[in-house]
Each structure stands twice: as structure tokens, then as C-alpha cells.
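J.: Have a look at the structure that comes next, please.
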Amino acid sequence: MNAAWPIVHLNDWVSNASAKIGWYGTTSLPVSVAVVPRHKNASYIFSPRSAWFDYLAHECRSKPLSALAIQFLGKLVSFLGVDKIAFIGNYPISTSIWTESQMEEIPSIATTIMTSQPKHFIGIRNILPHRHAKLIEQLAHLDFKAIPSRVIYEFDLRSKLAQTPSHLKRDLSLLKKLNLTIKIATALTPQEIIRIHQLYQQIYLEKHSLLNPQYTLQFFDQVVNQRIMTCLMIGNSNNPIVSFALIYTSGEIISIPALGYDSKYGLEGSYRVLFAAIHTHAKNAQALLNYSSGAGDFKRKRGGIPYLEYTYLKYPKEKYGLKRRLIHFVAKLTSQIDAQDLIKRGA
């Protein structure tokens, strides 16, 4: 990681966090503990109900009966206590990336949290079998169970591409044709912070869902100005920032915790151009780009490789073992699901 994350009240960064955060171990791993009862529109980063049910119901709003059925399941799961959860290694971003040292500490921190929070479910998000095999084996010994979460897309740019996909070629050509200004900022002015916050809200909250993390101005200020992340900014003759992307680097892996763009400035193919700039940056850095979930068709056409990401869950201590049986049942029921199954459903 570029720098140590500052100690803050989580709601100062994510206004809909509905959780508290603490830091554990010699590597300062974050542990988020959900607030019960959860707040309205609690961010999916900290709430299983928001991630697995409310978000899906929102996406199915054009099918009212399906949306109602999903919401009912969410309430049932909430009644069984899944909202009462502590997530280990859970940074306040969509995709947490850990160093080798941090991964080595996760099992021992899990044991500590299981003792200190015996009535809580314990979860670990962002687990990828092809990258976390040793950690998965350790979690299995603690009786954590794998629950399919989402399909993410990786672009391995650590070596030269054998062939550039045609859609990516067109995006790169468009980026070059438009003669834009591209800047990688390691510090932001107050005006720049306000602008990227506005662009983020337009895309993530107004266009998509209030269940996305509702980042504050303070979040953008501190993660860039305290060197946790850098900020890619694209401008044209009308405006110095028509699109942006936060860039988080951990070792040789890059992720994009937030982005935004404003199409009203006449930037042709705004999302395409922004992706071309992100791809170029990752390629120049010879990095592995974890481009998270969503816009699956777009990412596949540009060379993104899909992988099924899991959340690993451990049940709380209880007298009759109902929650343990529930987690075991769901894990068994979903064990045959793969990335292609979710892609067929739009992932």
C-alpha cells in the first residue's frame, strides 16, 4: 500500500456505512462491525443484506414481483441475524486488496473476533480462489463457508498483450484523437475535491444506486492528499476535470475504488475514454488491473477475464445451531455456481 490509512470515524468517509471500523494486527487490518439495526440504504460494502438482496431488488425494479420476492428473502435473512456481522480486512472500498503479510494475519484476527464478538457472523469479502488458495485453506479449518458474491474482471498487464482486442483499440484511438489532458494527481485542491465528489455522485448514486458507498468530501480529500491513492483526471478545453478515477495500488495490483464522468461537456464516449486512460496507466505500470464488477459485456469485449468472487462466512455461537445449518445449507446449495452462470444473468 502507498501509505497507512488514517484512523477516522467511518461515517466521516461513508455517510451510509452503518458500521464502525477498527484496526487489528501488526499490519493494521480493518475490521468493520455493522450497526444494528442498520440504517436506510446501508452501503453494500458493510451489509450482506444490501449486497445480496437490496441491490439485486433495485436492479430488478422493472420486474416488481421478482423485486418483492428478493426483498422478502432479504428480510428473512435479516431476521436470522446476518446483518449482525463483522467483516475482516474490509477497507471502505468495493475491492479490498491485501499484502502477503496481511493475508497471513487474517486467520488469527478471525479467531480474535470470533472470541470478542461471539454473537456476530464473521465475514471476509473479495476472496478469489485463484489468488487466495492458502487463505481459503486456513479459513476452511475455521469452518468458514464460501458464498458466491459477484463476478469481477481482471486485466493482466504485467507483460505485453499478445493481441489487443478490437474494442480496446477503438477506445485507445478515440482517447488519442480527442487530444485530452490526462493527469495523475498525488494531491487535490479543494475545488478539485468538490468536482470529483460531484462526478462520483452523478454516476454511482444518482444513476445507479444509493446502496453504493456515499463517499464524503473528506474521503476524497484524505485518501489522495494523504497518499493512500492517486487520482487520474481527464480534462478538455471546457473543463479541467470531465472525468476521474481513484487509483489504489497494492504491490503489483491496481484497483479503481471510484470513478465518474460528465457527458454534458461533449466528451465522446466518456466511459470508453476513461477506461482507455485507466488501461494505459495500468499497462505503463505493468500492473494487474482488478476492475471490479459491473458492465461485464463492456469489460469482456476489452479483454477482461471474469472470475467469481466469494464472501467467506462464519456463523456465530448459538444454542441450537440454526445459523450454522443455514450457512452450511446456502454454501452447499451455491457450490456449483460458476462465473459463467452469473454472466448469463447479466454479470
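J.: Could you please find all residues in region 173-195 being basic (K, R) and closer than 13 Å to L267 by Cα?
T.: Matches in region 173-195: K176, K177.
J.: Here's a follow-up. With E104, E100 as the choices, which residue is over 21 Å from the mean Cα position of the chain (by Cα) and over 17 Å from F46 (Cα atoms)?
T.: E104
J.: Continuing with the same structure: Is it true that V82 is at pLDDT below 90, part of a loop (DSSP other than H, G, I, E, B), out of contact with any Phe, Trp or Tyr (no Cβ under 9 Å at 6 or more places or on another chain) and closer than 24 Å to F144 by Cβ?
T.: Considered against the rule, which asks whether it is at pLDDT below 90, part of a loop (DSSP other than H, G, I, E, B), out of contact with any Phe, Trp or Tyr (no Cβ under 9 Å at 6 or more places or on another chain) and closer than 24 Å to F144 by Cβ, V82 comes out as no.
J.: Test each condition in (1) crowded, with 17+ Cβ neighbours inside 10 Å; (2) in a loop (DSSP other than H, G, I, E, B) for D171 and report the one that comes out false.
T.: That leaves (2) as the condition not met.
J.: Right, I147: crowded, with 20+ Cβ neighbours inside 10 Å, at pLDDT below 95 and either part of a strand (DSSP E or B) or not small (G, A, S) (or both) or not?
T.: It is true that I147 is crowded, with 20+ Cβ neighbours inside 10 Å, at pLDDT below 95 and either part of a strand (DSSP E or B) or not small (G, A, S) (or both).
The values are calculated or read from the model by the stated rules, or taken from the named source; none is laboratory data. These numbers come from a predicted model, not from an experiment. Because the Cβ atoms are built from the backbone with ideal geometry, glycine has one as well, and the counts that use them run over all protein chains shown.
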